[in-house]
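Asker: The structure's right below; bear with me while I get my questions together.
The values are calculated or read from the model by the stated rules, or taken from the named source; none is laboratory data. No experiment lies behind these values; they were computed from the predicted model shown. Here the Cβ is made from the backbone with ideal geometry for all residues, glycine too, and neighbour counts use every protein chain on show.
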Amino acid sequence: MTRSRFIQCRETGELVEVDWDAPRRAPRDPSLPPLPAYHADISPYRSPITGETINSNSQRRAEMKEHNCVDQREVGRQVARRPAAEPGDYIRKGG
């Protein structure tokens, strides 16, 4: 039984059979410097705080800091630490 391998053509969307013995793309040369990461900036939007147009992540962070606001996506990620209990802070039941 022979195994078949298929890839989807980007232009036509058709599945094309690929030869298993065909050479694959060579791995990146480790002696080269790493490629820079690219993070796209946000799309402009109207601020719900001031009504001004926000055009970049840095402008958004500055506005949130200025108005003491927190991103709702960050609320669940922060873990609040309770202070350590003192020996006299406990209440005994039934006694």
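Asker: Show the residue pairs that are 6+ apart or on different chains and have beta-carbon atoms under 7 Å apart, the first residue being within segment 23-42 and part of a loop (DSSP other than H, G, I, E, B), the second being surrounded by 10 or more Cβ atoms within 10 Å (Cβ to Cβ) and among the polar types (S, T, N, Q).
Answerer: Close Cβ pairs (under 7 Å, with a partner that is surrounded by 10 or more Cβ atoms within 10 Å (Cβ to Cβ) and among the polar types (S, T, N, Q)) amount to Asp41/Ser56; Asp41/Asn57; Ile42/Ser56; Ile42/Asn57.
Asker: Another one. So which residues in segment 1-45 are at pLDDT 80 or above, loosely packed, with under 10 Cβ neighbours inside 10 Å and closer than 30 Å to Cys69 by Cα?
Answerer: Scanning segment 1-45 gives a single hit, Ser43.
Asker: Only one of (1) small (Gly, Ala, Ser); (2) within 30 Å of the chain's Cα centre (by Cα); (3) assigned to a loop (DSSP other than H, G, I, E, B) fails for Ala62. Which number is that?
Answerer: Checking Ala62 against (1) small (Gly, Ala, Ser); (2) within 30 Å of the chain's Cα centre (by Cα); (3) assigned to a loop (DSSP other than H, G, I, E, B), the one that fails is (3).
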